[in-house]
Amino acid sequence: MARKVVLITGASSGVGLALCKRLLEEDNGLHLCLACRNMSKADAVRTALLASYPTAEVTTVQVDVSNLPSVFQASKELKQRFPRLDYVYLNAGIMPNPQLNIKALFSGLFSRKVIHMFSTAEGLLTQDDKVTADGLQEVFETNVFGHFILIEELEPLLCHSDSPSRLIWTSSRNAKKSNFSLEDFQHSKGQEPYSSSKYAIDLLSLALNRNFNQRGLYSSVLCPGTMLTNLTYGILPPFIWTLLMPFILLVWLFHQKPESLDPLAKYLSSTTGFGRNYVMTQKMDLDEDTAEKFYQKLLELEKHIRVTIHKTDDQS
Ligand SMILES: NC(=O)c1ccc[n+]([C@@H]2O[C@H](COP(=O)([O-])OP(=O)(O)OC[C@H]3O[C@@H](n4cnc5c(N)ncnc54)[C@H](OP(=O)(O)O)[C@@H]3O)[C@@H](O)[C@H]2O)c1
């Protein structure tokens, strides 16, 4: 029987790296393809995984999701290598130069919202965003649009009439409707591009289910909980953080029948006061109409970007 192929973006550290280990613990016959921007990190991860799981197949592909020519190149290579992808974990993400809002922190500490504040970081963090070489906001392009183009390009590997393929997005509890607007979906004018991008992921996942389920592709979103990774170390120093939750959730989604998952639900990693881990289902604050409108806007932007990139290619 052919090995199941799992593509994971951002597999070089943090959530993505831990996910690779856990997936191979569950099934050491998988083929993991590590989609990373830094190939020396990817190769080091590949070597370490194969040392622990010698029966697995682990390959790498270079992709920088904040650079569309790189996404096109990676997609081309993947189409040459694989007839299908069974799971794609859209996990790579950034929160650049997060700044802690000390005033919001102190007022939150003494309010009834204290637990909510720490579990979602709502109102606590602002970030610096910039424009990429593709002319897009960096957080939007990295967290959302680069991945969207990857899926569009990989459609022949993902849409089948036999067994379904799965998209699994690393979203966040920090995804907030109030930080997202259809008029400024790249969040060029606001101060919370991370939250906006994660809300955009939730909307996109809903729209993808609507547009692709009949073609054998299912999408879900999850939040891994607060994890000690390079991303969180960018917010506060390591000694302040405590690890709230290991990786039960991403693996839990791996085992679910896609047809049984609710496209309006986000699957949250949670833990009891006694340290027992469990998966909590949360209804997302979304509506199908906005999701579809956002999806159409992404398709328009895709059309525009493809024309611009082809023009640049012709000139060079
Ligand atoms: N940590 C948390 O508490 C938390 C909570 C909720 C959601 N999340 C989400 O979890 C995901 C993983 O984050 P993390 O916490 O594991 O942080 P991390 O350790 O910084 O990992 C981020 C991963 O994304 C990769 N990446 C960043 N920009 C990229 C680009 N342009 N192209 C390709 N890969 C890129 C990084 O590659 P390099 O190694 O080359 O930098 C790295 O592998 C993110 O989507 C994040 O938003 C994290």
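The values are calculated or read from the model by the stated rules, or taken from the named source; none is laboratory data. Treat the numbers as computed from the prediction; the structure is a model and nothing was measured. Quick reminder, even Gly has a Cβ in these numbers, built from the backbone with ideal geometry, and neighbours come from all protein chains shown.
For this structure, a couple of remarks:
- The numbered conditions (1) out of contact with any Asp or Glu (no Cβ under 6 Å at 6 or more places or on another chain); (2) surrounded by 16 or more Cβ atoms within 10 Å (Cβ to Cβ) are all true for Ser111 except (2).
- Only a single item in (1) closer than 26 Å to Asn67 by Cβ; (2) modelled with pLDDT under 85 is not met by Leu253, and it is number (1).
- Matching residues in segment 47-66 - criterion: being buried (at least 18 other Cβ atoms within 10 Å of the Cβ) and among the polar types (S, T, N, Q): Thr60, Ser66
- One residue stands out among those in segment 22-46 that are more than 9 Å from the ligand (Cβ to nearest atom) and basic (Lys, Arg): the one that is surrounded by the fewest Cβ atoms within 10 Å (Cβ to Cβ), which is Arg22.
- Restricting Leu68, Leu49, Leu19 to those that are within 15 Å of the ligand (Cβ to nearest atom), over 17 Å from Arg81 (Cβ atoms) and in contact with a Pro (Cβ under 9 Å, 6 or more places away or on another chain) reduces the list to Leu19.
- Subset of segment 70-102 (residues that are among the polar types (S, T, N, Q), in contact (Cβ under 8 Å) with a residue 40 or more places away in the chain and surrounded by 15 or more Cβ atoms within 10 Å (Cβ to Cβ)): Ser75, Asn91
- Exactly one residue out of Ala44, Ala18, Ala35 is of a type in the set (A, V, I, L, M) and within 30 Å of Thr308 (Cα to Cα), and it is Ala35.
- Exactly one residue among Asn97, Asn101, Asn91 is within 14 Å of the ligand (Cβ to nearest atom), at pLDDT below 95 and in contact with a Gly (Cβ under 9 Å, 6 or more places away or on another chain), and that residue is Asn97.
Each row is one residue, and each column tells you yes or no for (1) assigned to a strand (DSSP E or B); (2) away from the ligand (no atom under 16 Å from the Cβ).
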{"residue": "His147", "(1), (2)": "no, no"}
{"residue": "Leu157", "(1), (2)": "no, yes"}
{"residue": "Ser163", "(1), (2)": "no, yes"}
{"residue": "Trp169", "(1), (2)": "yes, no"}
{"residue": "Ser172", "(1), (2)": "no, no"}
{"residue": "Ala175", "(1), (2)": "no, no"}
{"residue": "Ser196", "(1), (2)": "no, no"}
{"residue": "Ala200", "(1), (2)": "no, no"}
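- Of all residues making up segment 52-65, the number that are away from the ligand (no atom under 13 Å from the Cβ) and under 30 Å from Ile309 (Cα atoms): 1
- Of the residues making up segment 1-16, those that are in contact with a Leu (Cβ under 7 Å, 6 or more places away or on another chain), within 10 Å of the ligand (Cβ to nearest atom) and hydrophobic (A, V, I, L, M, F, W, C) are Ile8, Ala11.
- Residues that are touching a helix residue (DSSP H, G or I) at 6+ places or on another chain (Cβ under 7 Å) and surrounded by fewer than 21 Cβ atoms within 10 Å (Cβ to Cβ), drawn from segment 3-16: Ser13
- Of residues in segment 177-194 being part of a helix (DSSP H, G or I) and in contact (Cβ under 8 Å) with a residue 12 or more places away in the chain, the one nearest to Pro258 (Cα to Cα): Lys177
- Screening Phe212 on (1) within 16 Å of the ligand (Cβ to nearest atom); (2) aromatic (Phe, Trp, Tyr); (3) surrounded by fewer than 20 Cβ atoms within 10 Å (Cβ to Cβ) shows it passes everything except condition (1).
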